[in-house]
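Peer 1: Provided herewith is a single structure, encoded as structure tokens, for subsequent inquiry.
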Amino acid sequence: MLYTSVNNQKIKELIKLKTKKHRDKQNLFLVEGEHLTEEAYKNGYLKELLLLENINLKLDIETNYINENVLKHLSSVQTPSGIIGICQKKENKLLGNKLLILDSIQDPGNMGTIIRTSAAFNIDTIIINDKCADIYSDKVIRSSQGMLFCTNIIKTDIQSLLKTIKGKTPIYGTKVNGGKDLKTIEKTSGFAIIMGNEGSGVEQNILNMCDEYLYIPMNKKCESLNVGVATSIILYELTK
């Protein structure tokens with residue numbers, strides 16, 4: 001089928017998916033481009049494919065076509081590729097013993113980078129709270145380079161989760177002052193590392209539940225690192 005009007009009811013509903021409110025309401029989200037669409041397909045997220053009239057992408061999924069005007073309204077980038085994937089959200093469960101807990105990470109670019117890094121260093125589950133950036137926003141998905149689709153991510157109350165793993169898994173909080181040098185932390189087969197908000201760090205009530213605090217030694221002229229960069233360094237050290 002060829003969709004040519006933005007007034008078509010289905011297209012109107014898809015355009016709404018550019019907002020978190022409607023992504024949550026419909027339990028759907030959009031991806032753009034061949035790479036992200038194929039990653040969504042390989043990992044069971046892709047529900048339907050929308051292609052510009054002259055684009056050819058063969059996937060074993062329902063495929064329909066759109067014109068330039070409809071593409072312009074669906075796309076979130078300046079130069080659309082002509083490939084839009086309609087994806088279904090997945091419900092994940094807590095898995096494994098290498099956990100990354102994100103307390104109110106709000107920048108989509110940071111969130112995407114952290115997801116990508118977590119995939120690189122074999123994190124079993126990422127835990128986010130409701131103050132984090134929406135993982136299904138186009139900026140997070142693009143920043144993750146599609147690694148969102150092969151990463152186990154759950155949203156829950158962090159304090160409640162920590163209560164369930166306390167005593168079973170070492171819980172590390174990040175702290176600029178009073179923490180242990182990252183390189184001195186004893187390596188274990190499992191861990192839970194908590195990374196905090198870009199401006200305020202980890203909430204105190206969550207820090208209070210940690211077994212140990214750690215920091216990354218650096219030049220004193222630099223007070224802190226971007227949370228995406230810091231996460232990469234910490235995960236490398238804890239998993240190498």
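Peer 1: Hey, among the residues in the range 136-172 that are touching a Leu at 6+ places or on another chain (Cβ under 6 Å) and outside any strand (DSSP E or B), which one's farthest from A40 (Cα to Cα)?
Peer 2: Selected residue: N152.
Peer 1: Confirm whether V229 is closer than 30 Å to L14 by Cα and not in a loop (DSSP other than H, G, I, E, B). First the steps, then the outcome.
Peer 2: Values: closer than 30 Å to L14 by Cα: no; not in a loop (DSSP other than H, G, I, E, B): yes.
Taking the combined requirement at face value, the residue does not satisfy it.
Peer 1: Of the residues that sit in the range 37-59 and are hydrophobic (A, V, I, L, M, F, W, C) and in contact with a helix residue (DSSP H, G or I) (Cβ under 6 Å, 6 or more places away or on another chain), which one is nearest to I135 (Cα to Cα)? Before you say what the answer is, go through the steps one by one.
Peer 2: Step one: of the range 37-59, the residues hydrophobic (A, V, I, L, M, F, W, C) are 40, 46, 49-52, 55, 57, 59.
Restricting the remaining residues to those that are in contact with a helix residue (DSSP H, G or I) (Cβ under 6 Å, 6 or more places away or on another chain) gives 40, 46, 52, 59.
Values: A40: 14, L46: 16, L52: 26, L59: 25 Å.
Only one residue fits best here, namely A40.
Peer 1: Quick check on the range 214-226. Is at least one of its residues free of Cβ contacts under 8 Å to residues at least 40 places away in the same chain and among the basic types (K, R)?
Peer 2: Filtering the range 214-226 down to residues free of Cβ contacts under 8 Å to residues at least 40 places away in the same chain leaves 216-222, 225.
Retained after the next criterion (residues that are among the basic types (K, R)): 220-221.
Looking for residues that are free of Cβ contacts under 8 Å to residues at least 40 places away in the same chain and among the basic types (K, R), one finds at least one in the range 214-226, hence yes.
Peer 1: Which number in (1) modelled with pLDDT under 95; (2) over 16 Å from T125 (Cα atoms) marks the one condition that S189 misses?
Peer 2: Only one criterion is unmet by S189, namely (2).
Peer 1: Take the range 19-52 and flag every residue that is among the small types (G, A, S) and out of contact with any Leu (no Cβ under 9 Å at 6 or more places or on another chain). Talk me through it step by step, then tell me what you get.
Peer 2: Step one: of the range 19-52, the residues among the small types (G, A, S) are 33, 40, 44.
Within the range 19-52, G33, G44 meet the criteria.
Peer 1: Moving to a separate point now. Among the candidates I153, I216, single out the residue that is within 20 Å of the chain's Cα centre (by Cα), β-branched (V, I, T), crowded, with 17+ Cβ neighbours inside 10 Å and at negative phi. Even if it seems obvious, please write down each step before you answer.
Peer 2: On the way: I216 fails: within 20 Å of the chain's Cα centre (by Cα).
Checking each option against the conditions leaves just I153.
Peer 1: May I ask you to verify whether C222 is surrounded by fewer than 13 Cβ atoms within 10 Å (Cβ to Cβ), of a type outside the set (S, T, N, Q) and outside any strand (DSSP E or B)?
Peer 2: yes
Peer 1: Follow-up. For I123, work out the one condition from (1) crowded, with 23+ Cβ neighbours inside 10 Å; (2) not in a loop (DSSP other than H, G, I, E, B) it doesn't fulfil.
Peer 2: Failed condition: (2).
Peer 1: Scan L14, L94, L74, L57 and give me the residue that is crowded, with 16+ Cβ neighbours inside 10 Å and either under 17 Å from the mean Cα position of the chain (by Cα) or without any contact (Cβ under 8 Å) to a residue 60 or more places away in the chain (or both). Reasoning before the result, please.
Peer 2: Working: L14 fails: either under 17 Å from the mean Cα position of the chain (by Cα) or without any contact (Cβ under 8 Å) to a residue 60 or more places away in the chain (or both); L94 fails: crowded, with 16+ Cβ neighbours inside 10 Å; L74 fails: either under 17 Å from the mean Cα position of the chain (by Cα) or without any contact (Cβ under 8 Å) to a residue 60 or more places away in the chain (or both).
Exactly one residue qualifies, and that residue is L57.
Peer 1: So, L99, is that one under 22 Å from Y213 (Cα atoms) and either part of a loop (DSSP other than H, G, I, E, B) or more than 10 Å from the chain's Cα centre (by Cα) (or both) or not? Working first, answer last.
Peer 2: On the way: under 22 Å from Y213 (Cα atoms): yes; either part of a loop (DSSP other than H, G, I, E, B) or more than 10 Å from the chain's Cα centre (by Cα) (or both): yes.
The answer is yes for L99.
Peer 1: Kindly check whether there is at least one residue in the range 131-148 that is on the phi > 0 side of the Ramachandran plot, assigned by TED's automatic domain parsing to the domain that holds K168 and exposed (fewer than 15 other Cβ atoms within 10 Å of the Cβ). Outline the logic, then answer.
Peer 2: In the first step, residues of the range 131-148 are kept if they are on the phi > 0 side of the Ramachandran plot; the result is 145-146.
Keeping just the survivors that are assigned by TED's automatic domain parsing to the domain that holds K168 gives 145-146.
Checking the rest, the ones that are also exposed (fewer than 15 other Cβ atoms within 10 Å of the Cβ) come to none.
Checking the range 131-148: not a single residue is on the phi > 0 side of the Ramachandran plot, assigned by TED's automatic domain parsing to the domain that holds K168 and exposed (fewer than 15 other Cβ atoms within 10 Å of the Cβ).
Peer 1: Still on this structure, I have one more. Looking only at the range 37-44, decide whether some residue is within 17 Å of the chain's Cα centre (by Cα), over 30 Å from I171 (Cα atoms) and aliphatic (A, V, I, L, M).
Peer 2: Yes, the range 37-44 contains at least one residue that is within 17 Å of the chain's Cα centre (by Cα), over 30 Å from I171 (Cα atoms) and aliphatic (A, V, I, L, M).
The values are calculated or read from the model by the stated rules, or taken from the named source; none is laboratory data. Everything quoted here is computed from the prediction, not taken from an experiment. Heads up, the Cβs are rebuilt from the backbone with ideal geometry, glycines too, and the neighbour counts pull from every protein chain shown.
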